[in-house]
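The values are calculated or read from the model by the stated rules, or taken from the named source; none is laboratory data. This is a predicted model, so every value here is computed, not measured. Accessible surface is based on the protein model in full, side chains and every heavy atom, while ligands, DNA and RNA are left aside. Shrake-Rupley method; radii C 1.70, N 1.55, O 1.52, S 1.80 Å.
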Amino acid sequence: MADVDATHGTGTPPVDALRAAESAGTPAGPPAFDDPPAFGGPPAFDDQNRPSADLVSDCVHCGFCLTTCPTYTLWGEEMDSPRGRIHLIGQGLSGEPLSDSMVGHFDNCLGCMACVTACPSGVQYDRLIEDTRAQVERRHERTGRDRALRAAIFALFPYPRRLRLLRGPLWAYQRSGLQRLVGRAGVLERVAPRLATLESLAPQLRRARSQGAGPKPPRRVAARGDRRAIVGMLTGCVQSAFFPEVNAATVRVLAAEGCEVLIPSGQGCCGALSVHNGRRAEAQRFARKLIATFERTGMDYFVVNAAGCGSSLKEYGELLADDPSYASRAAAFAAKVRDLAELLVELGPVAERHPLQVTAAYHDACHLGHAQGVRAQPRALLRGIPGLEVREIADPEICCGSAGVWNVLNPVPAAELGDRKASAVAATGAALLVTANPGCLMQVAAALRRRGGSIALAHTVQVLDASIRGLPVSALL
Ligand code: SF4
Ligand code: SF4
């Protein structure tokens, strides 16, 4: 995405900052654990949302989590495993300062939560790493390059309007042949690997939507037939800017299943990206705005079609627990949050499903499978479509390497994880890859393109929508 601006000179500030960060070079591989410990500095953590020593002590060092951890799988480095990171958090709690090495190991974590699923002792690594990251962002001095890169990312991604501004230049870049030229020369990979990553991840835009993300969804869509629920809907940032067709399909499917859908404008970001990267205060601001936008709509449920957003929204109660004017409102809001597949299974189908003769590989997005435990519902929805065969992908617990903006911050290992996932997807022989997160769709598509292959991609709801509308399977392929 970003190199479109570089080429056409539109000069979006975040992209300029990305370029500046890139020009300073890119670190390679995981940081060395052998860095000398930092002595004499202030202790790693202060008392503001300090990682819990009780949660650290829940870890019995059994190592059952190791093989599901993508960074441990890549590098075989103990301190880049869940157990190692918990050990480092323990060191921080006992007064060790935050060394660059320690922060590197925390930064390397994808936040995929595969370790939470794997842990037989129920260690809440998700809570630990979230609190640790917030401390790191407040207390650790990052390099100028790192600060610039992160500032650029967070000035762009949580803002759907800014993302939408990139669509026109991106379309022109893709259509003009420049993308092919740049790709063939391989210049971008050599001089600016992070921009190359962004460029390779950008979805191919179609002409009809080149200058905008299509018509905005209406603020209210009536249920078809008897109304069974009133549902508020998150339009999202990347989802609304680059996958408006997923939102359109979500509205149609919900309405067909008897839901009145409420889509207030100006809802903004849910804060998922911010909270997953330790920017707690920013995430809280986004959360308050979203709650205020929806809480008086009379909705029964708040539905989300992006896995990363859904997992954070369900934790609004914890995010705003210390805010006296929002704590109870946030908890009430979080109780209404449902992933789309979760809600549709909860309600049960009423709309007729028409056959789709297709084989579909289903990819569990980490923030849906590991973080929300939503695995059965999407498969049940897909299996409810006559003619559709669901195929499983090997090693489903291992992340594809997308992980929010982890693939932008860590392009080399992210590409390796993407390549592994692409191989596993290709081995299924399926014609269609289905998942429920825009980041995974972009990451796996880019990896498949690198292999010189391709596969049709769809969000779960697009497959359901095609079936309910009686579209031919070619609409998905
Ligand atoms: S969240 Fe993922 S990357 Fe981080 S420690 Fe757990 S398994 Fe490893
Ligand atoms: S996090 Fe859980 S699975 Fe991993 S070493 Fe600790 S107790 Fe074992």
#### Entry: Tail fraction, Cα-Cα pairs, the chain, threshold 34 Å, whole percent
33
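Suppose only helical runs count, i.e. DSSP H with n ≥ 4. What mean residue ellipticity at 222 nm does that imply for the chain under -39500 (n - 2.57) per run, divided by all residues and rounded to the nearest 500 deg cm²/dmol? Provide the component values of the computation, followed by the final result.
Working: 28 runs with 243 residues, N = 477.
When only DSSP H runs of four or more count, the value is -14000 deg cm²/dmol.
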### Message
Once ligands and nucleic acids are excluded and a 1.4 Å probe is used, how much of Trp75 is accessible, expressed in Å² to the nearest 10?
### Response
70
### Task
Round to the nearest 10 and report in Å² the accessible area of His354, as given by a 1.4 Å probe over the protein chains' heavy atoms.
60
### For the stretch 419-477 and the stretch 226-253, distance of Cα centres in Å
19
### Task
Report the convex hull volume per residue for the stretch 199-345, counting only C-alpha atoms, in Å³.
118
### Query
Under a 1.4 angstrom probe, counting protein chains only, how are Arg147, Arg379, Arg164 ranked by accessible area, largest first?
Arg147, Arg164, Arg379
### Message
With every protein chain left in place and a probe of 1.4 Å, what is the accessible surface of Thr68, to the nearest 10 Å²?
### Response
20
### Summary
Of all C-alpha pairs within the stretch 349-452, those more than 23 angstrom apart amount in percent to 27
#### Entry: the stretch 296-417: mean projected area of Cα convex hull, nm²
10.0
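Given contacts defined as C-alpha pairs under 8 Å and at least six residues apart, what's the relative contact order of the chain, whole-number percent? Numbers along the way, then the final one.
Values: 833 pairs, mean separation 70.5, N = 477.
Relative contact order comes out at 15 percent.
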### Message
Could you tell me the center-to-center distance, by alpha carbons, between the stretch 305-384 and the stretch 149-167 in angstrom?
### Response
25
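Nearest 5 is fine: what % of DSSP beta bridges in the stretch 219-307 come out antiparallel, could you say? Let's see the in-between values first.
Numbers: 2 of 9 bridges.
The answer is about 20 percent antiparallel.
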#### Entry: Accessible surface of the stretch 65-193 [probe 1.4 Å, protein heavy atoms]: carbon and sulfur percent
51
### Summary
For the chain, percent of DSSP beta bridges that are antiparallel (nearest 5) comes out at 10
